[in-house]
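Structure first, then comments.
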Amino acid sequence: MTIRTSRGFDLAVAHAHLRRSDARLARWMRRIGPLEFDFSARFNSVDALARSILHQQLSGKAATTITARVVALMPRAQISAAGLDALPDEALRAAGVSGNKLAALRDLGARAQAGAIPGATALERMSDAAIIEALTPVRGIGRWTVEMLLMFRLGRPDVLPLDDLGVRQGAALVDELDRPPSARALAQRGACWAPYRSLAGFYLWRVVAHARGKSA
């Protein structure tokens, strides 16, 4: 049985389940050690989604720089629908926001102003599927972006981002494959990790980092 709070899950139970259900993954878990997370941090859904939009298809440094410029234009250092609405396009472009991302931010702000973007408290009461359905209509927000919010912000226990290359590369290392599995193959492979596929995903990212560190 999945042990759930409003946010997050019992990591000890999840670790035990993964070690018991998958010997290959368990070997990597022993190498890497236990993972700890704090899912209690407060967040604003518009701010979180806007930051995700700004980070898309950019290196970490460039994304951080542009996001910091946009945040500096906002009241209370948080990207909000009202803050976006108050800024002319020229100000956002001067901060380094591309045309496509500007359109996505405008769509996000308009939907939030119309009440179509659930707040963090509302998201906590919604199912994973309902959150995906509510947020993916936003321009520039795909399933992967929402899955990251589910995993990192809401601490949902059973999310496996099948289209994430890092997760698939981690699965290839765990299973000693020549190439990353397809999304369909990963879904089948990861069935044994349920109902804690999120923790498996966190480990698969760490597997890649660990392997790169070893080869460096």
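Where a number appears in this text, it was derived from the coordinates with a stated rule and is not lab data. Since this is a predicted model, take the numbers as computed values, not measurements. Every residue, glycine as well, gets a Cβ built from its backbone with ideal geometry; the counts of neighbours run over all protein chains shown.
Let me check against my output: what whole-number percent is the relative contact order of region 72-216, with C-alpha pairs under 8 Å and at least 6 apart?
Relative contact order for region 72-216 comes out at 16 percent.
Do any trypsin sites (Lys or Arg not before Pro) in region 33-80 lie in a DSSP loop with no more than 13 other beta carbon atoms within 10 Å, and if so, which?
When the trypsin sites (Lys or Arg not before Pro) of region 33-80 are filtered for loop state and at most 13 Cβ neighbours within 10 Å, ARG42 remain.
Rounded, prolate or oblate, given the Cα gyration tensor of region 78-179, with a/c below 1.5 counting as rounded?
Judged from the Cα gyration tensor, region 78-179 comes out oblate (a/c at least 1.5, b/c at or above a/b).
Could you sort 87-98, 107-118 so that the peptide with the highest average Cβ count within 10 Å comes first and the rest follow in order?
Ranking the peptides 87-98, 107-118 by packing returns 107-118, 87-98.
Can you tell me the convex hull volume per residue for the chain, based on C-alpha atoms, in Å³ to the nearest whole number?
Value for the chain: 133 Å³ per residue.
In nm, what is the difference between 0.36 nm times the number of residues separating ALA209 and PHE43 and their Cα-Cα distance?
This chain segment gains 57.0 nm when fully extended.
What net charge do the residues around ASP107 carry, taking every other residue with its C-beta under 13 Å from that of ASP107, with Lys and Arg at +1 and Asp and Glu at -1?
+3
Of the GluC sites (Glu not before Pro) in region 126-202, which ones lie in a loop per DSSP and count no more than 12 other C-beta atoms within 10 Å?
Passing sites in region 126-202 are GLU176.
Using r as the Cβ-Cβ distance of SER182 and VAL13, and R0 as 25 Å, what FRET efficiency do you calculate, to the nearest 0.05?
Efficiency, from the Cβ-Cβ distance: 0.25.
Picking from PRO137, PRO34, PRO195, which is most flexible by a Gaussian network model of the chain using Cα springs under 10 Å?
Of PRO137, PRO34, PRO195, the Gaussian network model singles out PRO34 as fluctuating most.
Can you compute the modelled spin-label distance between GLU36 and LYS61, with each label point 7 Å from Cα toward Cβ, in nm?
Each label point lies 7 Å from its Cα, and together they span 3.2 nm.
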